[in-house]
Amino acid sequence: MEKLSTESMTVERKGIFDKNHKKRFELTFTCKDRKPEKSILIIGLNPASTDISILDTTTTFILNNLIPMGYTTMTVCNLYADLFQQRLKPSEVADNMENRKYLEEVLKRGFDAVLLGYGNTFLTNKFVKEEKEHLLKLLKPFKDKVVDIVDDKGEYERLKATHPLMAGRYFPNRWKLHPFVFEEKNTLKEAGNEKPPEKAGEDREKKLPGKIKKPEKEKKERKQDEKGNPNQDSEPVAFAEADKQVSGEETDTGGSDSEDLPHPPR
């Protein structure tokens, strides 16, 4: 028998949770004995599971595409650490400060790249917009390392913060990391009616169940959240909705993530 070639790789998994396993702050995969060492931080929307032994579709796409790019440490964090059984409900997150502080500490590790992959859902949700704006402020000192996923042919390069699930479904094994373009404008100021983060946090407290009667607008917003906006490990946003985001239009994406997969780029 001719000589055989054997290859092996050990991938260590580590999850960091709160003591009650109601929140997951970090999920890290480390490829042992791989040189040179190269690290990347992926920031999604919110975690989907407390079981680190299970690889969901999103995580599988991350590993299958980033390991061949030479990344030996892949750390997944999120805008929210809260674990919901089905879908993220931003209006029910009373306090996200602990996750904000965790992200701030994680960034001090000095990653080679920071990948924004929270997708294009919740485009008009004020709580999610607040978290995105806070994150982008944290990332300003590392702006040269912040990237998006695009395809190697440039067909999807207009999208921002592309979800790994969409990228994995539409251009598997053709990922390319593209520099993220930071907006220089003050979105809170230009919005006019938006409140500063401190005030928005107070509004969230008031809108928790049992506090006060929710206005009709808030009820509709919560119905949208509960009806059709999945967490980071569910279906990607429809391409048409993502296309509207990059063209400057904003729309309520309630339900778009659970619809059929997006059409090819136009």
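The values are calculated or read from the model by the stated rules, or taken from the named source; none is laboratory data. Not measured: the values here are computed from a predicted model. FYI the Cβ positions are ideal-geometry reconstructions off the backbone, even for glycines, and counts take in every protein chain you see. Only protein heavy atoms, including side chains, enter the accessible area calculation; ligands, DNA and RNA are left aside. Shrake-Rupley method; radii C 1.70, N 1.55, O 1.52, S 1.80 Å.
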For the stretch 123-145, give me each residue that is open to solvent by 10 Å² or more (accessible area, probe 1.4 Å) and aromatic (Phe, Trp, Tyr). 142
Can residue 226 be described as at pLDDT below 50, out of contact with any helix residue (DSSP H, G or I) (no Cβ under 8 Å at 6 or more places or on another chain) and open to solvent by 20 Å² or more (accessible area, probe 1.4 Å)? yes
Single match in 105, 157 (criterion: at pLDDT 95 or above and at negative phi): 105
So which residues in the stretch 80-120 are in a loop (DSSP other than H, G, I, E, B), touching a strand residue (DSSP E or B) at 6+ places or on another chain (Cβ under 7 Å) and open to solvent by less than 60 Å² (accessible area, probe 1.4 Å), if there are any at all? 81, 83, 93, 111, 117, 118
Name the residues in the stretch 28-59 that are over 14 Å from residue 17 (Cα atoms) and of a type in the set (A, V, I, L, M), would you? 40, 41, 42, 43, 45, 54, 55
Qualifying positions in the stretch 11-52 - open to solvent by less than 80 Å² (accessible area, probe 1.4 Å) and farther than 21 Å from residue 138 by Cβ: 11, 15, 17, 29, 30, 31, 38, 48, 49, 50, 51, 52
Pick from the stretch 146-160 the residues that are in a strand (DSSP E or B) and aliphatic (A, V, I, L, M): which of them is surrounded by the fewest Cβ atoms within 10 Å (Cβ to Cβ)? 147
Could we say that residue 69 is under 28 Å from residue 150 (Cα atoms), open to solvent by less than 10 Å² (accessible area, probe 1.4 Å) and touching a residue at least 40 places away in the same chain (Cβ under 8 Å) here? no
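Confirm whether residue 83 is under 26 Å from residue 152 (Cβ atoms) and in contact (Cβ under 8 Å) with a residue 40 or more places away in the chain.
The answer is no for residue 83.
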